[in-house]
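**Student:** Have a look at the structure that comes next, please.
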Amino acid sequence: MSKDRAVEDNANMGKLQISNTIFTGGFNTVTRMHVIKLDIEQSYTDVSDDEAKDQGLSLLSVADDSETKDSAGFGSEVKNDFQHQPNFGEKTRRPLTRKFSVSPTILIPYRLLSIIRILLLGFYLTWRVRHPNHESMWLWRISNTCELWFALSWLLEQLPRLCLINRATDISALKDRFESPNLQNPKGRSDLPGIDVFVTTADPEKEPPLVTANTILSILAVDYPVEKLACYLSDDAGSLLTFEALADTANFARIWVPFCRKHGIEPRNPEAYFKQKHDFLNNEVRLDLAGDWRRVKREYDEFKVRINSLPETIKRRSGSYNAKEELKANMNPSEMGENSSDEIKISKATWMFDGSYWPGTWEVSGEDDHSRGDHVGIIQVMLPSSDAKPVYGSNTNGKHLIDTTDVDIRLPMLVYMSREKRPGYDNNKKAGAMNALLRTSAIMSNGPFILNLDCDHYINNSLALREGMCFMLDKGGDRVCYVQFPQRFDGIDPDDLYANLNTLFLDVNMRALDGLQGPYYIGTCCIFRRIALYAFSPARVTEHHGLFGTRKTKLLLRKVTVSKKEDDEMASQINQCALDCDDDDDDADTRSLLLPKRFGNSTSLAASIKVMEFQGRLLQELESKGNQGCPTDSLTATQEPLDVATVAKAITVISCDYEDNTEWGKRVGWMYGYLTEDVLTGYQMHNRGWRSVYCITKHHAFRGTAPINLTDRLHQVLVWATGSVELFFSRNNSLFATRRMKFLQKVDYFNTSVYPFSSFFILVDCFLPAVSLFSGQFMVQSFVTLLTFNLVDSITLYLHAILENKWSGITITNRWREKQSVVMWGTSSYPAAVLQGLVKLIAGVNISYTLTPKPATPKDGDDEFADLYVVKWSFLMIPPITIMLVNTIAIAVGIARALYNPYPEWSKLIGGVSYSFWVLCHFHPFAKGLMGRRSRALNLFYVWSGLLSIIVLLLSIYIKSSSETQNHMKFLFP
């Protein structure tokens, strides 16, 4: 056997060993390997002798000291000694992105209307203050306070919207620049950097495995170089259900991914794809698609059955094995070390399909070392990584489902991870899981860029990653810390009763921030630059001085010279990256930078930083003079395979005690201690001088699910609002931001933390019309003047909304739904959030977090919106119900009082009734949610019938009492 063949066989055996082995370990626990026979075949079993070379680990994971002694200090496979760089032609010099302003015909009137409304509010508030209502001063003062707060809130929300821009990407230019053949790369292998995709799940009951499986399949089929992509699933429940579902997903991916590549289908989520209606007779569809579609659809239906039946399968299997263990113990009690008179107790274990204990969480709670909060760390490589050389399938011969002769059948690396949990150690919820993934991936694949997805958000546009990378790799992209994509949702009811689409936030606020320092990080659908997550500052920053940040100072924090450096010199330069989010003394912060203190005691993790920093740079020709970029074709080198030692090192960084005495969660990675760790993580990056980008693609990049049930939506908003209150009372309040954050960016972050406090003013304002009707008084003296102001203001807002529709796409209906939701949440979730935040601040009581359940995939024939009509009682419903009842009764009382009074004040009655009715209109979706499954006509019938019956009742009482005291009845009209 030749030497090359022996190397290939060894590599192949190594990959087989990795993909068939579960690694476990943790605090005070020996790292163990458990070899199993997975219920999935190994990759490329039908490929000939080149098989071993087509599944290797990305170069990024080579982190040992013996493998990082290159002249540039970035891995033995990174060659930085080209005599001269290839000459980029005009074709490859094209910019990857374009930024352009909104049309002046829209922007100028939009700004002008904003100024007009600011002046109008000023005149209105001045009139309110200078014309007190002496008949009811207390009502006048309360109303004025509410109006002043609402005006201030609108101003804080509107100011950041004055700098509007649009962006566009050029994916063809990206391909020309990074995947075109040249002298050093005649085959045109991809020079794009690696991307690690993080998917998190925490409870297979609330987050169905089939939903997670579809998300994973959309990732594995994405249009990005296979060898540069790695997918990691974090299972915070340590559930065998999720583990086996992922194993079956990896098996089905061998059918699904080639099918997607062969026919170029969209979307690449099988559940979403097969729901579409297909016309296979269309001339634009290939003739063989119909046959492949039917065969793959049949396989997917069987796959769904297997995934949905897994809970029962695991339960039956575990019961069978436990019964055998009990029988064996009863037959041989001496072997168990028990007396025959004692009752023998056998642990109710959860068993894997190979007949061994599952090292994670068992179905029976209370077992030591096998419960949700007490189990070892687990890593399993489901699919090994691939080499850069394409691997093509074969003809249909009965063994293969579809013909993949000209289709690349390689699959990206897929890894299952469940971090160690122990009693007494805070797992820090989702942020802790993300940081565990960050460390694990740094050792195993070390992609310089990271895509973060929730388990219910799938890739809807297979080119989404390439669109995001255009911003990261274009000139100036080295200052971009993350690219945030908008969230889009499936399964929302047609009326969008509870504003689940979040159009005002996603299409207006976030797009407006893109013209400043960048949008927030919203927890999912985001591509990160890994170096920014490690708390390094950008190479260049701008400081803003003065009250409004009008004076700017540009600083160069990091400079890497062109001359060659030794490994220790490069390490010194990496250590000199500014990490100054807490103070402005860069020198003091640099002197305090100690890698073990910051990142933990893993030498492999520390060594990976140098490799990652190099591979995340811009191309050398895009860097400014005196700085060194990444040489062309430096990322096309042959990759090293993933070995057992590397996975064993990864186990150590997910132990429960690894973060002790480090800065994980404080400055490094995702932030801890807040319910909205996503917003805080993005804030910290902006505070260091990074900027972010909002990427809106022509076809939605990602799609997910949102809770359409009223109670679930209330609790989801409660979590978001509580996190904002926590930020307001912390040192991360934007009032204390550094000079590296723009003034208007600070304003918007401040508004994000202060908006829950509007709840008290909204609550009072909703009761004011009722109080006015009960007392027979009104907030102001002149109702006609107030009505005139409101009419002019409504016209201004309507014109404002029309212009916003021109540049953002948000419709008048969407805006009305958003306005209704603000009132509904402002009287339910927001007050509870403020109270929780105050309790935490004063008493130090931690706030509990309830995972929002993800809707399961509906079966054929099921009502897609069935959950919309389910009524689940919650204490958050009490204030809105009270407001609706009080205002309804107040309308009846006000009308009755006017009829009793021989000289009724109709202006006050009309004013009070109009405002009460306006309040009730905002709660119409809430009332529909409380009524359960009813049609729109029936809902309106019940609402108005209740209102009319109360009025009729009061009128009957009035007529009866009047007939006893008067001989006639007289109505006086003004």
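The values are calculated or read from the model by the stated rules, or taken from the named source; none is laboratory data. Here the structure is a predicted model, which is why all the values come from computation and not from measurement. Because the Cβ atoms are built from the backbone with ideal geometry, glycine has one as well, and the counts that use them run over all protein chains shown. These area figures cover heavy atoms from the full protein model, side chains too; ligands, DNA and RNA do not enter into them. Shrake-Rupley method; radii C 1.70, N 1.55, O 1.52, S 1.80 Å.
**Student:** Considering the range 168-184 alone, what residues qualify as being surrounded by fewer than 18 Cβ atoms within 10 Å (Cβ to Cβ), out of contact with any helix residue (DSSP H, G or I) (no Cβ under 6 Å at 6 or more places or on another chain) and either of a type outside the set (A, V, I, L, M) or outside any loop (DSSP other than H, G, I, E, B) (or both)?
**Tutor:** Of everything in the range 168-184, those that are surrounded by fewer than 18 Cβ atoms within 10 Å (Cβ to Cβ), out of contact with any helix residue (DSSP H, G or I) (no Cβ under 6 Å at 6 or more places or on another chain) and either of a type outside the set (A, V, I, L, M) or outside any loop (DSSP other than H, G, I, E, B) (or both) turn out to be A168, D170, S172, K175, D176, E179, S180, P181, N182, Q184.
**Student:** Here is a follow-up. Sort out which residues of the range 530-555 are in contact with a strand residue (DSSP E or B) (Cβ under 8 Å, 6 or more places away or on another chain) and open to solvent by 10 Å² or more (accessible area, probe 1.4 Å), and write them in order of number.
**Tutor:** Filtering the range 530-555 for residues in contact with a strand residue (DSSP E or B) (Cβ under 8 Å, 6 or more places away or on another chain) gives 530, 532-535, 538-545, 550-555.
The answer is A539, R540, T542, E543, H544, H545, T550, R551, K552, T553, K554, L555.
**Student:** List pairs: first in the range 307-335 and at pLDDT below 85, second open to solvent by 60 Å² or more (accessible area, probe 1.4 Å) and not charged (D, E, K, R), Cβ under 7 Å, 6+ apart or cross-chain?
**Tutor:** Pairs that qualify, where the first residue is at pLDDT below 85 and the partner is open to solvent by 60 Å² or more (accessible area, probe 1.4 Å) and not charged (D, E, K, R), are A329/M336; P333/S340.
**Student:** Which of the numbered conditions does Y798 fail, given that it passes all the others? Conditions: (1) open to solvent by 10 Å² or more (accessible area, probe 1.4 Å); (2) in a loop (DSSP other than H, G, I, E, B).
**Tutor:** (2)
**Student:** Restricting attention to the range 425-432, does a residue exist that is touching a residue at least 40 places away in the same chain (Cβ under 8 Å), open to solvent by less than 30 Å² (accessible area, probe 1.4 Å) and touching a helix residue (DSSP H, G or I) at 6+ places or on another chain (Cβ under 9 Å)?
**Tutor:** yes
**Student:** Being part of a helix (DSSP H, G or I) and either crowded, with 19+ Cβ neighbours inside 10 Å or in contact with a strand residue (DSSP E or B) (Cβ under 6 Å, 6 or more places away or on another chain) (or both) is the filter here; which residues of the range 898-919 pass it?
**Tutor:** A898, K908, L909, G911, G912, V913, Y915, S916, V919
**Student:** Can Y849 be described as surrounded by fewer than 16 Cβ atoms within 10 Å (Cβ to Cβ), under 27 Å from G523 (Cα atoms) and either more than 29 Å from the chain's Cα centre (by Cα) or of a type in the set (S, T, Y) (or both)?
**Tutor:** yes
**Student:** Looking only at the range 173-195, count every residue that is out of contact with any Phe, Trp or Tyr (no Cβ under 6 Å at 6 or more places or on another chain), in contact (Cβ under 8 Å) with a residue 24 or more places away in the chain and either closer than 29 Å to N509 by Cβ or small (G, A, S) (or both) and tell me the total.
**Tutor:** Within the range 173-195, residues that are out of contact with any Phe, Trp or Tyr (no Cβ under 6 Å at 6 or more places or on another chain), in contact (Cβ under 8 Å) with a residue 24 or more places away in the chain and either closer than 29 Å to N509 by Cβ or small (G, A, S) (or both) number 5.
**Student:** While we're looking at this one, here's another question. One residue is enough: does the range 229-246 have a residue meeting the conditions open to solvent by less than 20 Å² (accessible area, probe 1.4 Å), over 22 Å from the mean Cα position of the chain (by Cα) and farther than 23 Å from K430 by Cα?
**Tutor:** No; the residues of the range 229-246 include none that is open to solvent by less than 20 Å² (accessible area, probe 1.4 Å), over 22 Å from the mean Cα position of the chain (by Cα) and farther than 23 Å from K430 by Cα.
**Student:** Further question: Read through the list (1) of a type in the set (A, V, I, L, M, F, W, C); (2) open to solvent by less than 20 Å² (accessible area, probe 1.4 Å); (3) over 30 Å from L164 (Cβ atoms), then give the number of the only condition that M741 fails.
**Tutor:** (3)
**Student:** Pick from the range 88-107 the residues that are open to solvent by less than 100 Å² (accessible area, probe 1.4 Å) and part of a loop (DSSP other than H, G, I, E, B): which of them is modelled with the lowest pLDDT? Lay out the reasoning, then the answer.
**Tutor:** In the first step, residues of the range 88-107 are kept if they are open to solvent by less than 100 Å² (accessible area, probe 1.4 Å); the result is 88-89, 92, 94-97, 100-104, 106-107.
Imposing the further condition that a residue be part of a loop (DSSP other than H, G, I, E, B) reduces the set to 88-89, 92, 94-96, 102-103.
Working: F88: 45, G89: 49, T92: 56, R94: 85, P95: 90, L96: 92, V102: 87, S103: 89.
Here the answer is F88.
Yes or no, residue by residue, for (1) closer than 19 Å to A433 by Cα; (2) modelled with pLDDT under 95; (3) touching a His at 6+ places or on another chain (Cβ under 9 Å); (4) not in a helix (DSSP H, G or I):
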site: K206; (1), (2), (3), (4): yes, yes, no, yes
site: A213; (1), (2), (3), (4): yes, no, no, no
site: I216; (1), (2), (3), (4): yes, no, no, no
site: E227; (1), (2), (3), (4): no, yes, no, no
site: L233; (1), (2), (3), (4): yes, no, no, yes
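**Student:** Another question, then. Check R294, R306 and return the single one that is closer than 27 Å to P359 by Cβ and open to solvent by 40 Å² or more (accessible area, probe 1.4 Å). Full working, then the answer.
**Tutor:** Values: R294 fails: closer than 27 Å to P359 by Cβ.
When all the criteria are applied, what remains is R306.
**Student:** Can you give me the number of residues within the range 349-383 that are open to solvent by less than 10 Å² (accessible area, probe 1.4 Å) and not polar (S, T, N, Q)?
**Tutor:** Selection size over the range 349-383: 11.
**Student:** Condition (residue is open to solvent by less than 10 Å² (accessible area, probe 1.4 Å), touching a strand residue (DSSP E or B) at 6+ places or on another chain (Cβ under 9 Å) and in a strand (DSSP E or B)) applied to the range 468-476: is it met by at least one residue? Step through it out loud before you land on a result.
**Tutor:** Taking the range 468-476 and keeping what is open to solvent by less than 10 Å² (accessible area, probe 1.4 Å), we get 468-470, 472-473.
So of that shortlist, the ones also touching a strand residue (DSSP E or B) at 6+ places or on another chain (Cβ under 9 Å) come out as 468-470, 472-473.
Narrowing the set further to residues that are in a strand (DSSP E or B) leaves none.
No, because not a single residue in the range 468-476 is open to solvent by less than 10 Å² (accessible area, probe 1.4 Å), touching a strand residue (DSSP E or B) at 6+ places or on another chain (Cβ under 9 Å) and in a strand (DSSP E or B).
**Student:** When the range 812-846 is examined, which residues are found to be open to solvent by 60 Å² or more (accessible area, probe 1.4 Å) and within 30 Å of A512 (Cα to Cα)?
**Tutor:** I812, T813, R815, W816, K819, V822
**Student:** So which residues in the range 317-332 are closer than 15 Å to W351 by Cβ, exposed (fewer than 14 other Cβ atoms within 10 Å of the Cβ) and of a type in the set (S, T, N, Q), if there are any at all?
**Tutor:** S320
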